[in-house]
Structure formats: structure tokens, C-alpha cells
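Read the figures in this text as sums done on the coordinates, not as results from a lab. Remember, predicted model here, so these are calculated numbers, not experimental data. Cβ: placed from backbone, ideal geometry, glycine included. Neighbour counts: every protein chain shown.
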Amino acid sequence: MRRILFSGLVLILLGCRLSLKEEAWHTPASSGDTLKLTQLLDSGLDVNATDENGDTPLFFALSNGHISTADYLVSRGALITHVNRTGQMISEKAIKVNTSKEVVDWVARQSKK
């Protein structure tokens, strides 16, 4: 019984550690820090990792107008068609948050691919 409880605790702690790692991309994605994102992705971070809302690094890059970072994330496998927990596609949500011409045009170009 003790071994099972200990194993469960280890799994819970590992799960917490993974979710903290998965959320380590918030700041670099939001600020367009492609170098930091490269380091995180090269160390094993999933390019389509999600936060508690189901939003990915691509959403945070786009919503803050970082087009070159969005291009980089897509080149690493980020899915523009990812749907978050509220049922919104990342591209749709991004253009609601950031209505700049650059973001809207980027989403339109990606949608044609």
C-alpha cells in the first residue's frame, strides 16, 4: 500500500513539474523571444504545449504581434488549427485579441496553405 501511495505521489509531483515546464513558454512566446523558445523546444518542450486554457505558444506569439516568432513556431510544427478548451481555433482567437493588419494577414496566409 505504501509503495502504491509513494508511486502515486511521485507521479503527481512529476505531473506538476511537467506542467510548470510546459508553462515556461508563456513569457518568451508573449515577448517574441525566439532564442528562448528554441532552447525550450530543443530541450524537449512540445511546440503545441497548452496552458490551462488550452492555448499554445503560437497563440501568445500571435496575440502579441510577433509574426517572426509565429513563423518560427509553425516551422517547428505548431498547429494553427489547434482548438483550445473553449472551442476556439488559435488563429481565430488570435485575430480577436490582436486585430493588427500584420496578424490578420498572417492568419489569412496560413489559412491558404
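Listing for the model above:
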| quantity | calculated |
| --- | --- |
| Formal net charge of residues neighbouring TRP106 (Cβ-Cβ distance under 12 Å; K, R +1; D, E -1) | +1 |
| Summed side-chain charge close to ASP71 - residues other than ASP71 whose Cβ falls under 13 Å, Lys, Arg +1, Asp, Glu -1 | +1 |
| Ranked packing of 26-32, 58-64, most packed first, by mean Cβ within 10 Å | 58-64, 26-32 |
| Inter-site label distance for SER31 and THR86 at 7 Å from Cα along Cβ, in nm | 2.6 |
| Cα extents of segment 23-112 along the three principal axes, largest first (Å) | 32, 26, 21 |
| Assigned charges on the beta-carbon of Lys, Arg, Asp, Glu; segment 72-113 dipole about Cα centre (debye) | 80 |
